[in-house]
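A.B. asks: Sharing a structure, written as structure tokens. Questions coming.
The values are calculated or read from the model by the stated rules, or taken from the named source; none is laboratory data. In this text the structure is predicted, and so the values were computed from the model without any measurement. Cβ: placed from backbone, ideal geometry, glycine included. Neighbour counts: every protein chain shown. Note: accessible area is taken over every heavy atom of the protein model, side chains too, but ligands, DNA and RNA are not part of it. Shrake-Rupley method; radii C 1.70, N 1.55, O 1.52, S 1.80 Å.
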Amino acid sequence: MKLSHRMVKMFCETLALESKLNFQSLIEESVGGISISIDTSTGKGKPNGTVVCATSTLLIPLQADKVFEFLTDHTERFKWDVLSYENPVQEIAHMSNGHPGNFISIIKPSIPGIDNQIVILQESFKSVVGSYVVFTPTDDASLQVAIKGEDTRGMHILSSGFVVCSSEKEDENSKVGSLLTLAYQILASTSNEGMMLSTQAVSNVNNLLTTTLVKVRDALMMM
């Protein structure tokens with residue numbers, strides 16, 4: 001739970017980064033405008049180097065509760081999570097925070113023929129104001145350190161996730177709609193020299209963000 005709390009805190013700090021660059025070339029018809037933030041990370045709990053974060057928001061014509069329920073349903077995760085490679089995942093732990101919609105889970109992708117050591121730590125939170133689903137990939141060994149209650153402050157993590165809130169979109173007879181924001185982080189370089197971004201790094205995080213948002217939207221529209 002301490003590691004998960006740090007993960008969410010780091011996610012919120014990422015959304016508040018001041019060094020934001022709006023790349024006009026990253027306005028995709030499928031998702032709209034994409035904001036790029038960069039951070040040279042040293043001793044912040046992230047991997048040392050240049051971290052790139054891409055953020056975008058979609059208007060979804062569904063109630064926020066439905067969007068949140070979809071994102072927290074591990075049986076639906078293969079439809080959008082690139083780490084699953086379109087294979088089902090297993091929820092190997094589920095810890096409630098006192099409310100059915102607020103919980104911490106440990107998810108393990110199941111990829112046939114691959115001895116995959118990746119596990120995903122995820123925290124989900126729901127309130128009347130909005131909700132979030134924040135996650136980070138890690139490995140079995142690192143997670144065991146956290147499970148045993150040992151000090152995890154030196155563990156490097158990159159948290160990504162969704163924020164969902166209701167919108168005021170008029171839909172004929174009723175107000176139905178939600179704003180879905182996704183923020184994705186990747187390690188662009190292990191160098192801390194300046195705030196320069198390579199074209200490839202921007203392209204990678206752009207593709208990851210766009211692909212994930214489109215998959216989520218398409219899966220929701222088929223519900």
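A.B. asks: Which condition from (1) modelled with pLDDT under 85; (2) of a type in the set (A, V, I, L, M, F, W, C); (3) over 23 Å from VAL52 (Cβ atoms) is the one that MET195 breaks?
C.D. replies: All conditions are met except number (3).
A.B. asks: Within segment 124-136, is there a residue that is farther than 19 Å from CYS165 by Cβ and either open to solvent by 60 Å² or more (accessible area, probe 1.4 Å) or of a type in the set (Asp, Glu) (or both)?
C.D. replies: For segment 124-136, residues farther than 19 Å from CYS165 by Cβ and either open to solvent by 60 Å² or more (accessible area, probe 1.4 Å) or of a type in the set (Asp, Glu) (or both): absent.
A.B. asks: Mind checking whether some residue in segment 12-29 is surrounded by 17 or more Cβ atoms within 10 Å (Cβ to Cβ) and modelled with pLDDT under 80?
C.D. replies: yes
Conditions tested, residue by residue: (1) touching a Pro at 6+ places or on another chain (Cβ under 9 Å); (2) open to solvent by less than 70 Å² (accessible area, probe 1.4 Å); (3) at pLDDT below 80.
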| position | (1), (2), (3) |
| --- | --- |
| ASN116 | yes, yes, yes |
| ILE147 | no, no, no |
| GLU170 | no, no, yes |
| GLN200 | no, no, yes |
| ASN206 | no, yes, no |
| THR210 | no, yes, no |
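A.B. asks: Which of the residues spanning segment 130-145 are among the hydroxyl-bearing types (Ser, Thr, Tyr) and either without any contact (Cβ under 8 Å) to a residue 40 or more places away in the chain or in contact with a Pro (Cβ under 7 Å, 6 or more places away or on another chain) (or both)?
C.D. replies: Residues of segment 130-145 that are among the hydroxyl-bearing types (Ser, Thr, Tyr), as a first pass: 131-132, 136, 138, 142.
Scanning segment 130-145 gives THR138, SER142.
A.B. asks: Name the single residue, out of those in segment 61-93 being touching a residue at least 40 places away in the same chain (Cβ under 8 Å) and part of a loop (DSSP other than H, G, I, E, B), that is farthest from THR210 (Cα to Cα).
C.D. replies: Here the answer is GLN63.
A.B. asks: Tally up the residues in segment 108-125 that are closer than 21 Å to LEU180 by Cβ and in contact with a helix residue (DSSP H, G or I) (Cβ under 6 Å, 6 or more places away or on another chain), please. Give the steps one after another, and end with the answer.
C.D. replies: So the first thing to find is which residues in segment 108-125 are closer than 21 Å to LEU180 by Cβ, and the list is 120, 122-125.
Subsequent filtering for residues that are in contact with a helix residue (DSSP H, G or I) (Cβ under 6 Å, 6 or more places away or on another chain) retains 123-124.
Number satisfying all stated conditions: 2.
A.B. asks: When you look at GLY98, is it open to solvent by 20 Å² or more (accessible area, probe 1.4 Å) and on the phi > 0 side of the Ramachandran plot, yes or no?
C.D. replies: yes
A.B. asks: Test of understanding: among SER127, SER110, which residue is within 21 Å of the chain's Cα centre (by Cα), over 23 Å from LEU187 (Cα atoms) and modelled with pLDDT of 85 or more?
C.D. replies: Working: SER110 fails: modelled with pLDDT of 85 or more.
That would be SER127, the only listed residue that is within 21 Å of the chain's Cα centre (by Cα), over 23 Å from LEU187 (Cα atoms) and modelled with pLDDT of 85 or more.
A.B. asks: Oh, and also: Counting only residues that are open to solvent by 20 Å² or more (accessible area, probe 1.4 Å) and in a loop (DSSP other than H, G, I, E, B), which one in segment 153-165 is modelled with the highest pLDDT?
C.D. replies: The extreme case among them is LEU158.
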